[in-house]
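These notes are about the structure you will find just below.
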Amino acid sequence: MITCFDIGGTTIKAALAVEPGSLRPIGRVATPRDDFALFAASISQLIDEGGAPAGAPVAISVTGVVDPETGITTVANIPCIDGRALSADLGALLGRQVLVANDADCFALAEAHAGAGQGHRVVFGAILGTGVGGGLVADGKLFRGAGGLSGEWGHGTIVATTTRAAPHNLPHFACGCGLSGCLDTVGGARGLERLHRHLQGTDLASTAVIEAWGNGDNAAAATVDLYVELVAGPLALVVNVIGPDIIPVGGGLGNSAPLIARLDEAVRAGILRRVDRPLVVPAQLTVDAGLIGAASLGFSEGVV
Ligand SMILES: [Zn+2]
């Protein structure tokens with residue numbers, strides 16, 4: 001039995017997992033952002049409400065980076081846990097083992113254990129949400145790279161951008177990570193909107209661009225063509241480097257099956273391996289992936 005948390009900048013969600021894939025919702029509270037004692041008390045209260053026995057472990061999905069060597073969590077939008085050894089500090093207060101992982105990593109774990117990645121040995125969970133992220137699960141376990149930053153295929157300049165996209169004069173947009181020209185600036189939902197604005201000079205929500213594309217609109221089709229070209233290259237490189245059996249795609253853009261099918265086609269045309277089935281597929285767990293992933297983290301690391 002493990003108490004699972006999905007901790008975001010505004011809300012903490014909790015559930016009790018009696019066994020893998022079986023979640024019993026506990027509830028949700030607003031995230032205390034500035035007071036660690038209050039933060040810990042909120043977690044403790046949710047554990048009590050869930051009824052986990054004394055000593056039962058806790059697993060947390062958090063919107064931040066967890067350094068596997070130091071345990072230090074970097075969470076920009078929750079100052080009271082930013083720069084803190086969350087697992088150790090919370091574990092000492094609660095008297096329980098506390099596991100913590102990044103939310104994209106938990107998404108990958110959830111898909112590997114209970115979603116589109118079931119039955120596959122190497123699962124790369126890709127997020128095409130507001131921005132671009134990802135996580136790697138091999139043989140059922142989360143791969144934690146140095147500094148906790150593995151799976152971050154959205155960052156690092158896409159060298160080909162200026163040449164491949166030259167007819168579009170696509171600039172190297174500044175990225176939130178401090179670099180410029182990152183896939184993250186064009187590969188998420190905001191990126192799709194940015195591409196559409198750049199090509200067409202009009203502001204349109206990503207969902208509207210995709211809807212217009214589905215209705216045969218030529219302008220939207222041009223945007224989607226460029227989007228697929230820009231995202232497929234880096235994703236094909238990920239496939240060649242780590243060799244995933246399946247790539248479930250989550251985040252808002254993962255909800256568009258036609259877009260993911262286009263991406264799959266382009267990725268499979270750009271990799272060394274010949275695969276005659278879809279490799280890039282929509283994620284199956286659109287609700288509670290964070291909680292399911294946290295539960296999968298606990299069960300896969302054998303703390304239960
Ligand atoms: Zn970046």
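All of the numbers you see were taken from the coordinates with simple rules; none came from a lab. From a predicted model like this one, the values you see are computed outputs, not experimental measurements. A quick note on method: Cβ atoms are made from the backbone with ideal geometry, for glycine too, and the neighbour counts reach across all protein chains shown.
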So how tilted is helix 103-114 from the main axis of the chain? Cα-based, degrees 0 to 90, rounded to 10. 90
Using the Cα centre of segment 73-188 as the reference point, and only Cβ charges (+1 on K/R, -1 on D/E), how large is the resulting charge dipole? Debye, rounded to the nearest 20. 160
For the charge dipole of the chain, defined by +1 on Lys and Arg C-beta atoms and -1 on Asp and Glu C-beta atoms about the Cα centroid, which residue among V275, A138, A37 has the Cα displaced farthest towards the positive pole? V275
Below 8 Å, C-alpha to C-alpha, sequence gap of six or more: please give me the relative contact order for the chain in percent. 21
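Do any trypsin sites (Lys or Arg not before Pro) in segment 265-295 lie in a loop, going by DSSP, with at most 13 other beta-carbon atoms within 10 Å of their beta carbon, and if so which? The partial results should precede the final answer.
On the way: sites: R268, R273, R274; in loops: R273, R274.
Filter output for segment 265-295: R273, R274.
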Where is the GNM fluctuation largest for the chain (alpha-carbon springs, 10 angstrom cutoff): Q45, Q284, Q97? Q45
Placing +1 on the Cβ of each Lys and Arg and -1 on the Cβ of each Asp and Glu in the chain, which of F124, L253, G27 has its Cα farthest towards the positive end of the resulting dipole? F124
Would you please classify the overall shape of segment 212-304 from the alpha carbon gyration tensor, given that a ≥ b ≥ c denote the square roots of the eigenvalues, rounded means a/c under 1.5, and beyond that prolate means a/b larger than b/c while oblate covers the rest? oblate
Residue by residue through segment 129-144, which ³J(HN,Hα) values in whole Hz follow from phi under the Karplus form 6.51 cos²θ - 1.76 cosθ + 1.60 (θ = phi - 60°), with glycine and proline marked x? x, 4, x, 10, x, x, x, 10, 10, 10, 6, x, 10, 5, 8, 9
Using the Cα centre as the reference, give the magnitude of the dipole from point charges on the C-beta atoms of segment 14-126 (Lys, Arg: +1; Asp, Glu: -1; all else neutral), rounded to the nearest 20 debye. 220
Please name which of I81, Y227, T3 has its Cα lying farthest along the dipole of the chain towards the positive end, using unit charges on Cβ (Lys, Arg +1; Asp, Glu -1) and the Cα centre as origin. Y227
So how strong a dipole does the chain carry about its Cα centre when Lys and Arg Cβ are +1 and Asp and Glu Cβ are -1, to the nearest 20 debye? 380
